Structure formats: structure tokens, C-alpha cells
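Q: Input: one structure, supplied below.
The values are calculated or read from the model by the stated rules, or taken from the named source; none is laboratory data. What you see is a predicted model, and the numbers here were worked out from it, not measured in a lab. Virtual Cβ from ideal backbone geometry, glycine too; neighbours counted across all protein chains shown.
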Amino acid sequence: MNSEQLLEQIREANLNYLLLAQHLIRQDRDAAVYRLGVDEELADLIDKLTPAQLMRIASSNTLLCRFRFDDRVILDLLVAKGEKRAISSAHAAILMAQQPAEALA
Amino acid sequence: MAKKSVVGEARQIQMAIELINLGARLQVLEAETTLSRERLLRLYKEVKGVSPPKGMLPFSTDWFITWQPNIHSSLFIEIYRYLQAHSKVDGIEATIKAYRLYLEHVTLHEMDPVLTLTRAWTLLRYFDSDMMKTTGCTRCNGQFVVHTHDLHERYICGLCAPPSRAGKTRKAAVLQAAQATT
């Protein structure tokens, strides 16, 4: 894959992410705050972005969404499979709900 | 007495219907809405088609400490706290939203919804009255539901150190047998 295609894919992923975020926020702001891992203030700002602004934000050479398993324990729980899958997912969800929300500085 | 607002009442009925559909007992509805008992009874019958179950609500705090219920209630509490901390939702609406997110998680991972809405609501009352709280597991740092007045030094949660028979239910055995034959 050449770098131009790569940039194109990043742009698309970013745009998809932003659009999904807006959709979630507009449908149910409180649930979206939980799903996105942001606080209400940031959710409000994302909600107010215009399509033109979204396009500009998405055109970047870096991805906008971040990994939430910044912790070895959570990563191990999330990749669990088989009979431990359900219980591990609950464990991971408990730990992730305690992570701080993304907020504006 | 303040004059009753029709819009306000409509909103209350809407919320009562939502609660009934989520499986709330009549006592929850009585505590969370200003509608009269008779109206709630009629509403319940209309929505569910049957009379509400009678008798007391489950009142044991110990239930939340047992292995599987503890996982479910800790998950619910953490979602609830997240919403409280980061969004403006409050009161019974926060309970409903957190419970929906909990249900979503449970159904996604094909677990039984062990925690009913009534239990979740009761749990929050225990938290308010300081009968229960959460404490950090010394291994995974997660917060888990415990009795307020127990000792929690060097607490290890039921997920980091599951009891030997945990999760070995008849249902799990049947499922495993089915997987082995295929």
C-alpha cells in the first residue's frame, strides 16, 4: 500500500469515526458519553461540528480515535476466548468504566 | 398542593411504562413517580397484561456479594458512576440509562441478566444509605461492590480469584457438552 492510499484510509476512518460519534451523541447523549469515553462538554463540541469542519478534521495523517486498552490487564481480558470470554468481558468493562473520560483541558 | 401539570403527568406515565417494561416492581414505580398507586396498578396491568407480583422486594445486601451477582452489580455501578461523573443525567433517568447499557453488555456477551432493574435500584439505595460501597481490588485495581462495614484490606475481587466452583453451573456443563460433541 503506498502512502497516498494509506492517507486516504486514515481520512476515511477518521470521518467514519466522527460521523458515528455525532450520530451516537444525537441519538442519546448520555449513552454516547459512555460509549465514546468522552465527557459531556466534549460531546457537545463534537455534536456542533459542521460537515465542512468534519472534513477538515478528518484530513490528517494521524488517527483521531485512540486505543482504550492502555493497560496490559484490560488487553488480556479483551482477547480472552472460550468459556472465559463472557466473564472477562464483564471484568474489562468494569475496569474501562473507571478510566477517566476524554475531556477538554 | 401544587396544581398538577398534565404534561408533567404524561412524562411520568411515559417513564413508568419504561420502568415496567424493564421489569421494575411496583414499589420502584411508587418511589420514583408521583402517580397514585391505583393508576400505577392499572398501568402495570395494561403494559404487562398481568397483575404485579406481590410481596416485599428482595432486601438482602448479601446477594450482591455472592460471586456472579457481584460481577453484574459492580458492572452496573461502574456504568452508573461513569454517567454520573461525565454526563448531566441524574436520578431515576440515570438508573434507567445505566441499566440499559448494562443489559446491552450482558446480551452482547450472551450472559444472563442476573441483575434485575429492581435489584439495581435497590443497590443504589444501599449505596445512598451507606450500607454498601465499592472497594479497589489489589490485583486489577477495579472497583467492586462490598459491604461498607466489612474489612477490605488486601481485597481481591471474585474475577481475579474466582472461587473454585464459580461459574460451574448445570447450564455451563450442558453447553460444554454440546460443544464437545460438535
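Q: Among the listed residues A:A103, A:A97, which satisfies the condition of being at the interface with another protein chain (Cβ under 9 Å from one of its Cβ atoms), under 23 Å from B:I77 (Cα atoms) and surrounded by fewer than 16 Cβ atoms within 10 Å (Cβ to Cβ)? Can you show your working first?
A: Working: A:A97 fails: surrounded by fewer than 16 Cβ atoms within 10 Å (Cβ to Cβ).
Result: A:A103 is the single residue among A:A103, A:A97 that is at the interface with another protein chain (Cβ under 9 Å from one of its Cβ atoms), under 23 Å from B:I77 (Cα atoms) and surrounded by fewer than 16 Cβ atoms within 10 Å (Cβ to Cβ).
Q: Also, I was wondering about something else. Of all residues being of a type in the set (S, T, N, Q) and within 16 Å of B:S73 (Cβ to Cβ) in segment B:132-182, which is farthest from the other protein chains (Cβ to nearest Cβ)? Just the residue, please.
A: B:T148
Q: Oh, and also: Is it true that B:N21 is surrounded by 14 or more Cβ atoms within 10 Å (Cβ to Cβ), modelled with pLDDT of 90 or more and among the polar types (S, T, N, Q)?
A: Against the criterion (surrounded by 14 or more Cβ atoms within 10 Å (Cβ to Cβ), modelled with pLDDT of 90 or more and among the polar types (S, T, N, Q)), B:N21 does not qualify.
Q: Still on this structure: Confirm whether A:R11 is more than 14 Å from chain B (Cβ to nearest Cβ), farther than 22 Å from B:K97 by Cβ and touching a residue at least 12 places away in the same chain (Cβ under 8 Å).
A: Yes, satisfied.
Q: Count, please, the residues in segment A:51-98 that happen to be within 18 Å of the chain's Cα centre (by Cα), polar (S, T, N, Q) and closer than 14 Å to B:G142 by Cα.
A: 2
Q: Please go through segment A:52-86 and give me each residue that is touching a residue at least 40 places away in the same chain (Cβ under 8 Å) and more than 19 Å from A:E102 (Cβ to Cβ), ordered by number.
A: Correct list: A:M55, A:S59, A:N61.
Q: Filter segment B:142-167 for residues that are of a type outside the set (A, V, I, L, M), surrounded by 13 or more Cβ atoms within 10 Å (Cβ to Cβ) and assigned to a loop (DSSP other than H, G, I, E, B) and give the result.
A: B:G142, B:T148, B:H152, B:Y155, B:C157, B:G158, B:C160, B:P162, B:G167
Q: Taking only pairs six or more apart or across chains, which ones have beta-carbon atoms under 7 Å, a first residue in segment B:50-64 that is closer than 16 Å to B:A31 by Cα, and a second residue that is hydroxyl-bearing (S, T, Y) and surrounded by 11 or more Cβ atoms within 10 Å (Cβ to Cβ)?
A: B:P52/B:Y44; B:L57/B:T118; B:L57/B:T122; B:P58/B:T122
Q: Which members of segment A:33-54 meet the condition of being surrounded by 14 or more Cβ atoms within 10 Å (Cβ to Cβ) and over 30 Å from B:I96 (Cβ atoms)?
A: Hit for segment A:33-54 is A:L54, nothing else.
Q: Among the residues that make up segment A:9-32, is at least one of them surrounded by 14 or more Cβ atoms within 10 Å (Cβ to Cβ) and either touching a Gly at 6+ places or on another chain (Cβ under 8 Å) or under 30 Å from B:A172 (Cα atoms) (or both)?
A: No, there is no match, as no residue in segment A:9-32 is surrounded by 14 or more Cβ atoms within 10 Å (Cβ to Cβ) and either touching a Gly at 6+ places or on another chain (Cβ under 8 Å) or under 30 Å from B:A172 (Cα atoms) (or both).
Q: Can you tell me which residue among B:T66, B:T122, B:T107, B:T116 is in contact with a Gly (Cβ under 7 Å, 6 or more places away or on another chain) and among the polar types (S, T, N, Q)?
A: B:T116
Q: State which residue is surrounded by the most Cβ atoms within 10 Å (Cβ to Cβ) when the search covers only segment B:45-61 and only residues that are farther than 20 Å from B:M132 by Cα and β-branched (V, I, T).
A: Within segment B:45-61, the match that is surrounded by the most Cβ atoms within 10 Å (Cβ to Cβ) is B:V47.
Q: Picking from B:L83, B:L40, B:L57, B:L29, which residue would you name as being within 14 Å of chain A (Cβ to nearest Cβ) and either under 15 Å from B:R119 (Cα atoms) or in a helix (DSSP H, G or I) (or both)?
A: After ruling out the rest, the residue left standing is B:L83.
Q: Residues of segment B:135-175 being free of Cβ contacts under 8 Å to residues at least 12 places away in the same chain and hydrophobic (A, V, I, L, M, F, W, C), which ones?
A: Result: B:L151, B:A172, B:A173, B:V174, B:L175.
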